[in-house]
1. Among the residues of region 133-149, is there at least one that is within 26 Å of G29 (Cβ to Cβ) and touching a Ser or Thr at 6+ places or on another chain (Cβ under 9 Å)?
2. Can you tell me which residue in region 145-185 is nearest to I110 (Cα to Cα), limited to those that are among the acidic types (D, E) and under 23 Å from the mean Cα position of the chain (by Cα)?
3. Do you know which residues across region 2-42 are closer than 16 Å to M94 by Cβ, free of Cβ contacts under 8 Å to residues at least 60 places away in the same chain and touching a Ser or Thr at 6+ places or on another chain (Cβ under 8 Å)?
4. Confirm whether D154 is surrounded by fewer than 18 Cβ atoms within 10 Å (Cβ to Cβ) and closer than 27 Å to D23 by Cα.
5. Any residue that is aromatic (F, W, Y), in contact with a Ser or Thr (Cβ under 7 Å, 6 or more places away or on another chain) and under 23 Å from E112 (Cβ atoms) - is there at least one of those in region 68-78?
6. Among the residues of region 124-145, is there at least one that is modelled with pLDDT under 85 and more than 22 Å from V69 (Cα to Cα)?
7. Identify the single condition in (1) charged (D, E, K, R); (2) touching a Leu at 6+ places or on another chain (Cβ under 9 Å); (3) free of Cβ contacts under 8 Å to residues at least 60 places away in the same chain; (4) surrounded by fewer than 17 Cβ atoms within 10 Å (Cβ to Cβ) that K172 does not satisfy, given that it satisfies every other one.
8. Out of the helices (runs of 4 or more DSSP H) lying entirely within region 1-91, which hold 3 or more residues that are out of contact with any His (no Cβ under 9 Å at 6 or more places or on another chain) and modelled with pLDDT of 90 or more?
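The values are calculated or read from the model by the stated rules, or taken from the named source; none is laboratory data. This structure is a prediction, so every number in the text was calculated from the model and none was measured. Cβ placement follows ideal geometry from the backbone for every residue including glycine, while neighbour counts extend to all protein chains displayed.
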Amino acid sequence: MLEPPRAGQVLWNGTDITRWRPDVIAAAGVVHIPQGDLLFPEMTVTENLLMGAFHRPTWAERKARLERVYELFPWLKERGGQLTRTLSGGERRMLALGRGLMSKADILLIDEPSLGLAPLTTEQIYASIHKVKESGIALLLADENANHVAGLADRVYLLETGSLVREGPADKLLKDQALLESYLG
């Protein structure tokens, strides 16, 4: 869950969105994919994907978005009629990512995408996130493991108990051994 700001402001494309309602923020293209997946377990894969297109686009636009998601995650199309509750944890995370893309996101805020997943599944999740980045969608990713974001992030912001400790270009900060050992073990 996103916390409301305690100070300052949140700008998106030069506009202050600090006090906007979540649905208005999402309609502006800022989409949050929370830790966990918050999918509908009794709906099919396709029904869950279509729930991401909640801003009532035309059917043609929904279909185009669905095809775009299927290009990134072909297995979703193959399993379109399968109930979501039967998917593995990694498959559910990829479905959540696909549902976020259905909303015509300009930026995805992804919280701990691999939390609790096996190493092989984590690799698959991050391969999927790389595909999303390559498609031109901006990402803001929260993760505890620097290895996960290496090669994906342009910038890194290191937080400690909610406060910014360091920030800078990813290629510089992720090579700082002392920093990595101090904060990321």
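1. yes
2. D154
3. F40, P41
4. Here the answer is no, as D154 does not meet what is asked.
5. Yes, there is a match, as at least one residue in region 68-78 is aromatic (F, W, Y), in contact with a Ser or Thr (Cβ under 7 Å, 6 or more places away or on another chain) and under 23 Å from E112 (Cβ atoms).
6. Scanning region 124-145, I find at least one residue that is modelled with pLDDT under 85 and more than 22 Å from V69 (Cα to Cα), so the answer is yes.
7. If we test K172 against (1) charged (D, E, K, R); (2) touching a Leu at 6+ places or on another chain (Cβ under 9 Å); (3) free of Cβ contacts under 8 Å to residues at least 60 places away in the same chain; (4) surrounded by fewer than 17 Cβ atoms within 10 Å (Cβ to Cβ), just (2) comes out false.
8. The helices (runs of 4 or more DSSP H) meeting that bar are 45-51, 59-72, 74-78.
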